[in-house]
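Asker: Below is the structure I would like to discuss, written out as structure tokens.
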Amino acid sequence: MLAPMTGAAADALTELEREIDAPGGGLDRLRLVPTPFVPEVRLHLAEDAIVWWARMEATAGHALPAPYWASAWAGGQALARHLLDHPELAAGRRVLDLAAGSGLVAIAAALAGATQVIANDIDPYAVAAVTLNARANQVAVDAVGDDLLDRVDAEADLVVAGDVFYDRAMADRVLPFLERIAATGADVLVGDPGREHLPADRLTVLADYPVPTTEPSVDPSPRRVQVLRPG
């Protein structure tokens, strides 16, 4: 049974539900669409995340978190594809999707047969989006908004993290966490399109994929995206 959503995440869920149910279309709308590289998973994505963000901030009258959850990032697409192509990685296991964004990788883990899936993101809108996207794909994913990066145990058999090395501050926190979790015996998988702060010398490449992207302001042609593990 999934934990009830409260606080900011509950407010964000109500807001996104209104957005999804509202009539009309255009660049500032969310659409439920198949993910380009993982068509088995449908996500509520922004036609243009920047335009959607601007409208929502204007309506709210104050700044809102950047809607990273409203795009299907390349690293997450590669990880989700990898789990669906190799379901034995998740089947029968407890899975944690770190910095889950839209919940794409968490949903793929659930479709691959995971017994428990937790999607973690500190953005309440991402927590809400994961909930809506899991509902759309008819899978059970528990979305939580805690900051987990100082923990020493993920309480999971498999930890997945897509597109987490996007800046130095995040990389400096994420890598030690992932290495601690790997040291406990859990499997750890990372998806990354070669971002500047990827610590390639401390990761081993397991696979790579030519992934199209819905990221804003990025060339939509396929990019080589790696799936890696610590070590």
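Results for (1) modelled with pLDDT under 95; (2) of a type outside the set (S, T, N, Q); (3) over 18 Å from Leu89 (Cβ atoms), shown as yes or no for each residue.
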site: Thr115; (1), (2), (3): no, no, no
site: Leu132; (1), (2), (3): no, yes, yes
site: Val141; (1), (2), (3): no, yes, no
site: Val152; (1), (2), (3): yes, yes, yes
site: Ala156; (1), (2), (3): no, yes, no
site: Val160; (1), (2), (3): no, yes, no
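Matching residues to (1) more than 24 Å from Pro210 (Cα to Cα); (2) crowded, with 24+ Cβ neighbours inside 10 Å; (3) not hydrophobic (A, V, I, L, M, F, W, C):
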{"site": "Ala78", "(1), (2), (3)": "no, yes, no"}
{"site": "Leu98", "(1), (2), (3)": "no, yes, no"}
{"site": "Ala114", "(1), (2), (3)": "yes, yes, no"}
{"site": "Ile122", "(1), (2), (3)": "yes, no, no"}
{"site": "Val139", "(1), (2), (3)": "yes, no, no"}
{"site": "Val152", "(1), (2), (3)": "yes, no, no"}
{"site": "Asp172", "(1), (2), (3)": "yes, no, yes"}
{"site": "Pro176", "(1), (2), (3)": "yes, no, yes"}
{"site": "Glu179", "(1), (2), (3)": "yes, no, yes"}
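Asker: For the stretch 181-209, name all the residues that are under 21 Å from Arg223 (Cα atoms) and either part of a helix (DSSP H, G or I) or open to solvent by 70 Å² or more (accessible area, probe 1.4 Å) (or both). Steps first, please.
Answerer: Step one: list which residues in the stretch 181-209 are under 21 Å from Arg223 (Cα atoms), which gives 189-201, 203-209.
Selection gives Glu196, Ala200, Asp201, Val205, Leu206, Asp208.
Asker: Continuing with the same structure: Considering only the stretch 60-70, state which residues are surrounded by fewer than 24 Cβ atoms within 10 Å (Cβ to Cβ), in contact (Cβ under 8 Å) with a residue 24 or more places away in the chain and either touching a Ser or Thr at 6+ places or on another chain (Cβ under 9 Å) or part of a helix (DSSP H, G or I) (or both).
Answerer: Across the stretch 60-70, the qualifying residue is only Tyr68.
Asker: Also: For the stretch 1-57, name all the residues that are hydroxyl-bearing (Ser, Thr, Tyr), modelled with pLDDT of 90 or more and surrounded by fewer than 16 Cβ atoms within 10 Å (Cβ to Cβ). Show your work before the answer.
Answerer: The initial filter retains those residues of the stretch 1-57 that are hydroxyl-bearing (Ser, Thr, Tyr), namely 6, 14, 35.
Filter once more, keeping what is modelled with pLDDT of 90 or more: 14, 35.
The one that is hydroxyl-bearing (Ser, Thr, Tyr), modelled with pLDDT of 90 or more and surrounded by fewer than 16 Cβ atoms within 10 Å (Cβ to Cβ): Thr14.
Asker: Residue pairs, Cβ under 6 Å, 6 or more apart or interchain, first in the stretch 99-128 and on the phi > 0 side of the Ramachandran plot, second crowded, with 24+ Cβ neighbours inside 10 Å and assigned to a helix (DSSP H, G or I). List them.
Answerer: If the second residue must be crowded, with 24+ Cβ neighbours inside 10 Å and assigned to a helix (DSSP H, G or I), the pairs left are Gly101/Trp69; Gly101/Ala126; Gly103/Val130; Gly103/Asn133.
The values are calculated or read from the model by the stated rules, or taken from the named source; none is laboratory data. In this text, all values refer to a predicted model and were calculated from it rather than measured experimentally. Ideal geometry is used to build each Cβ from the backbone, glycine not excepted, and the neighbour counts take in all protein chains shown. Note: areas computed on protein heavy atoms with side chains; ligands, DNA, RNA excluded. Shrake-Rupley method; radii C 1.70, N 1.55, O 1.52, S 1.80 Å.
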